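Okay, so here's the structure we're looking at.
Every number here is computed from the coordinates shown, using simple stated rules; none is lab data. Note that this is a predicted model, so its numbers are computed, not measured. A quick note on method: Cβ atoms are made from the backbone with ideal geometry, for glycine too, and the neighbour counts reach across all protein chains shown.
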Amino acid sequence: MGQLDQGPHREVVVANQLVDHSALKVNQTGIVTTVLIAFIGSAFYRPLLVLIPLLAIVLLLGTFAPQLALFKQFYFKVLKPRGIVKPRPVQDRPEPHNFAQGLGGVFLAVASVFLIPLPVVGLALSLLVAVLAFVNLAFGYCLGCQIYFQLGKAGLIKAS
Amino acid sequence: MNAQLWAVAVAGIVVLAAACLEIFRARRARLQSAGATAESASEPYILYFTGDGCTVCRTHQEPALAKLGDVRIDKVDAIADRALADRFHVYTLPTTVVLSPDGHALHVNYGYATAPKLERQLAEARGTLQTATA
């Protein structure tokens, strides 16, 4: 077995909170699904584009008030109690994930502004948010969390 | 439908550009950290840079490190120990560095490194040690 040696001069901060990663996965699935419905659906029925600004609102609201995070609440109130999705608590910090969600919300808000005058830009930005959510869902790579780490390293936010 | 196709093309170009940038960034960081040193030890060891906001570290990297044989792994908080992290140009988490006993960086892995990859790098480091002592 590899031994994790903290060493006498090392400072290792251990996250003592538990984050349910199933809630995060449900959230990412919700983002990917909503963007795809808006993206493909708008080719046939243009009003479906309204899903993009709605998703931006949901993500931004959920960032600042977790009780308003629609997809996570759907998981906690419906999927988890009925055993449809099993909980997966991991020792982690919620801040980087919230930051990533907020970043997604900001990108979708910007995309919403462009949807009418420059639909290609608006749709491309929405698609990028969906791609990043999918990468996080499938491979566990969270770009927003990496940006959070970089900002913490630069001393712009308190990351530890 | 035309707007959707153009949007796919634009998003594809952005993703491709980001992937190329990431490859370039990792190569540059690897070149810059070549020759960087940490403390010496009796055997090759691993520096494991992590942070308490790094999920992949806990879900992927730590289980991979636990699969390794009897090897010393120094777990370092990349933000708390910034000087050491900067020495190895740690720009992403997790980052693992395989060091020779004299503390020289032999391999720097930016991002998740699998157990077989780390084992191979450690075996190489031990091989270098045996060649040096022979």
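Once backbone amide H atoms are built at 1.01 Å from N, residue B:107 has B:98 as its partners under 5 Å, excluding neighbours fewer than 5 places away on the same chain. Beta-bridge orientation, the protein assembly as shown: approximately 65 percent antiparallel, per DSSP, counting only bridges with both partners inside. Taking the C-alpha atoms only, the angle from helix B:115-133 to the longest principal axis of chain B is near 40 degrees. Grab the other residues whose beta carbon is less than 11 angstrom from that of residue B:32, score K and R as +1, D and E as -1, and report the net. Computed value for this residue: +4.
For chain A, the membrane-span-like helices by this rule, meaning whole DSSP H stretches whose C-alpha atoms cover at least 24 Å of axis and whose Kyte-Doolittle mean is 1.0 or above, are A:21-41, A:119-139; this says nothing about an actual membrane. Among A:100, A:109, A:65, the largest mean-square fluctuation in a Gaussian network model of chain A, built with springs joining Cα atoms closer than 10 Å, belongs to A:65. When chymotrypsin sites (Phe, Trp or Tyr not before Pro) are flagged only if DSSP places them in a loop and at most 13 other Cβ atoms lie within 10 Å, the longest unflagged stretch of chain A comes out as A:46-160.
Remark: chain A carries a charge dipole of roughly 360 debye about the Cα centre, counting +1 on each Lys and Arg Cβ and -1 on each Asp and Glu Cβ.
Taking amide H as placed 1.01 Å from N in the peptide plane, residue A:20 has its amide H under 5 Å from the amide H of A:90, each at least 5 places away in sequence or on another chain. In whole angstrom, how far apart do the alpha carbon centroids of segment A:96-160 and segment B:61-133 sit? Comparing the Cα centres of segment A:96-160 and segment B:61-133, I get a distance of 30 Å. About its Cα centre, what dipole magnitude does the protein assembly as shown give when the only charges are +1 on Lys and Arg Cβ and -1 on Asp and Glu Cβ, stated in debye to the nearest 20? So the magnitude is around 840 debye.
Amide H to amide H distances under 5 Å link residue B:75 with A:5, A:6, B:48, where only residues 5 or more positions off or on other chains count and H is placed in the peptide plane.
Each Lys or Arg adds one and each Asp or Glu subtracts one; over the other residues with Cβ under 14 Å from the Cβ of residue A:72, this totals +3. Partnerless cysteines in chain B, where a partner means another cysteine C-beta under 4.7 angstrom, comprise B:20.
Since only B:20, A:99, B:55 are under comparison, the one whose Cα sits farthest along the positive direction of the charge dipole of the protein assembly as shown, derived from C-beta charges on Lys, Arg, Asp and Glu, is A:99. Within the shell defined by Cβ-Cβ distances under 9 Å, the residues around residue A:87 carry a net charge of +2, with Lys and Arg each +1 and Asp and Glu each -1. With contacts taken as Cα pairs under 8 Å and at least 6 residues apart, chain B reaches a relative contact order of 29 percent. Beta-bridge orientation, segment B:2-133: approximately 70 percent antiparallel, per DSSP, counting only bridges with both partners inside.
For residue A:72, a cut-off of 27 angstrom between C-alpha atoms picks up these lysines, skipping any fewer than 8 places away in its own chain: A:25, A:80, A:86, A:158.
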